[in-house]
Amino acid sequence: MAGNKSYTIVEYFGGDDGYRCGYCKNEKGNFSHGMWSHTMTVQDYQDLIDRGWRRSGKYVYKPIMNKTCCPQYTIRCHALKFQPSKSHKKILKKMSKFISKGELPPGEDDGEPMDSVCEEAGPREPSKVCPAEVKCPTITEMQKEAAECPTITEVQKEVADDAPTGSEMSSKEPVSVPDARMTAAAPKPGIGADPSRPPCRKAKDLRKERRLQKDQMRQNTDGVSSIVSPIPTTPNQTNQPKSLEDFINESLPENASHCLEVRLVPVSFEDPQFTASYQQSVALYARYQMAIHGDDPSECSESEFQRFLCDSPLEAEHSPDGPEVGYGSFHQQYWLDGRIVAVGVIDILPTCVSSVYLYYHPDFASLSLGSYSALREITFTRQLQKQSPKLSYYYLGFYIHSCPKMRYKGQYRPSDLLCPETYVWVPIERCIPQLENTRYARFNQDPDAGDARTLKDVGRALVLYRRAVMPYAVYARKRRGSSDETEVQQYGSLVGQDCAERILLYRT
């Protein structure tokens, strides 16, 4: 307990009771294990989501995959290898057109809400009162590090409260995601094409050229003399597709109709940017929930907003080899002409950016903000990876194949699904044929493979009992006749041996 070490403290709840499923509406078909997390390190949460857990506020839950009506498989996208699909490019162009010309496209969102409202599985509050003992002096001592280390607030002091224009944007600002209005000036009228660059060519011509070259190669290998001469190509010409960044950072005319800025704000009432925009965020959340999800005003009150999207168990952390903004929970705010129109709630963890939730102004539904924000979050992950090489994945929450509306997450490729039995990642292309046949599937094809972090010794699991930390074996001796071994064994098997030896399981 000495030193400045942070700890994760949880209360575990079983998963015996079924409750209503947000996907198929089955009243008692949804089953999951749950824990109330009083505080959690980012590494522990990273390890837990890599075992199928996910947080909703401070409640952390794991679907019982072979029992629940709509199995929810953890999905991650390889951010560095991601290439936008045709539909993604269409969404990016739609946003660019809106910003430059002010044209809001007709119609509704095209059915890809990057939104996890249904994913809030299980009880919203712990089934028992949070113990006052958890806030005892011993635990406070353990967590001094979080209070003493420099906060993310200090990193952000230089960021102006007002949305900067394109010319004011600095590439050195650690907390702003690249803006849609870029610093590059628009080309001056009358100059025309850049003579130093190869001329633009139509995709149709390029395809025709490739087809002719293939025919020629085939004929040459067949011993037939060439009758087709290839279209000459410019030596430095490449057929590289436009990257995600190219689409997002596309320069806009100086007289663009709108200015879109994306600001990264830590979820902390000590942060001036967070507090300054807090009431605007609360109002936007309520408006979104009522218009898009049909919630009653009482269901989207300020206290609900705080509990769901501000209360996070994650301790803000900084690491020498981590991203400049640090790790923890953040709101990525989309400011359009000086007001917030959307907020993406994310967690920055040691190897990934994890998407938690998105809410937006209903008037802008036709801009497909769910998909747009996911593409921005993938871009942001790539940006962070340059600062922290191991941070290279984008987690989209859960993939639910049995719910057609939730299959859109599989379109962010290359992506993997987590095997629910061995906790190894398997490319989604190999998983989908299995999921077409059965709702629940073990993706790992090796029949001998098991859980590498399986619980081997429950006695070494750490517990917090009467303000003291001890291995479960010591606790069991102190509490002779204790009847909770089955529960602790179940908890340990779900979090795995490594986490069981680091996380403090609260015992009354």
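The values are calculated or read from the model by the stated rules, or taken from the named source; none is laboratory data. Quantities reported herein were computed from a predicted structural model and do not represent experimental measurements. Methodologically, a virtual Cβ is constructed for each residue, glycine included, from the backbone with ideal geometry; neighbour enumeration extends over all protein chains shown.
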Residue 447 being surrounded by fewer than 19 Cβ atoms within 10 Å (Cβ to Cβ) and either at pLDDT 95 or above or in a loop (DSSP other than H, G, I, E, B) (or both)
yes
Looking at 359, 327, which one is over 10 Å from residue 42 (Cα atoms) and surrounded by 20 or more Cβ atoms within 10 Å (Cβ to Cβ)?
359
Odd one out for residue 452 among (1) closer than 24 Å to residue 76 by Cα; (2) of a type outside the set (S, T, N, Q); (3) without any contact (Cβ under 8 Å) to a residue 40 or more places away in the chain; (4) in contact with a Pro (Cβ under 9 Å, 6 or more places away or on another chain)
(4)
Do we find that residue 280 is closer than 30 Å to residue 392 by Cβ, in contact (Cβ under 8 Å) with a residue 60 or more places away in the chain, more than 21 Å from the chain's Cα centre (by Cα) and not in a loop (DSSP other than H, G, I, E, B) in this structure?
no
Considering the stretch 38-54 alone, what residues qualify as being part of a strand (DSSP E or B) and surrounded by 23 or more Cβ atoms within 10 Å (Cβ to Cβ)?
40, 54
Just give me the residues in the stretch 386-408 being more than 24 Å from residue 369 (Cβ to Cβ) and part of a helix (DSSP H, G or I), in sequence order.
386, 387
Look through the stretch 367-394, keep the residues that are in contact with a Leu (Cβ under 8 Å, 6 or more places away or on another chain) and within 30 Å of residue 437 (Cα to Cα), and return whichever of them is surrounded by the fewest Cβ atoms within 10 Å (Cβ to Cβ).
370
Check whether at least one residue in the stretch 473-487 is surrounded by 16 or more Cβ atoms within 10 Å (Cβ to Cβ) and under 32 Å from the mean Cα position of the chain (by Cα), and report yes or no.
no
Can you tell me which residues in the stretch 285-321 are surrounded by fewer than 19 Cβ atoms within 10 Å (Cβ to Cβ), closer than 19 Å to residue 44 by Cα and of a type in the set (Gly, Ala, Ser)?
319
Enumeration of residues in the stretch 423-441 that are buried (at least 18 other Cβ atoms within 10 Å of the Cβ) and farther than 15 Å from residue 70 by Cβ:
423, 425, 426, 428, 431
